[in-house]
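Asker: Okay, here's the structure, questions in a sec.
The values are calculated or read from the model by the stated rules, or taken from the named source; none is laboratory data. The structure presented is a predicted model; accordingly, all values stated were derived computationally and were not measured. For the accessible areas, the whole protein counts, side chains as well, though only heavy atoms, and no ligand, DNA or RNA atoms are used. Shrake-Rupley method; radii C 1.70, N 1.55, O 1.52, S 1.80 Å.
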Amino acid sequence: MGPHLSNSFPSGHAALAWGATCALVLAPRTWLRGLALPVAAVGSLLISIGVVAAGWHRPSDVLGAALLAAAWGWGVHGLTLLGGRPSGSGRRGRRWATPRRG
């Protein structure tokens, strides 16, 4: 058995990296997010390439991890929209509006 046959789907390393990138996408809009998001995305890509190049996982394992992280990110985003959405922000922080019904 080669190293590719003993690993599992999806890649845990890639899932963690892409999950952190998705968390930054969901983070509040600040100047830090604009700096951290491209760095996290490039880091996630390098980790994904690294686990394939090292022979730890197949490319499909890494792709599955990225899709899994994206699905969780979309799910969390959907739950935040159900719970209320930001109506604006000021110097005192974000205010949350409740969704209109009916």
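Asker: Taking only the alpha carbons of the range 1-81, what extent do you get along each of the three principal axes, in Å, biggest first?
Answerer: In descending order, the Cα extents are 48, 26, 12 Å.
Asker: Using a 1.4 Å probe, what is the accessible area per residue for the range 24-64, in Å²?
Answerer: Using a 1.4 Å probe on heavy atoms only, each residue of the range 24-64 averages 65 Å².
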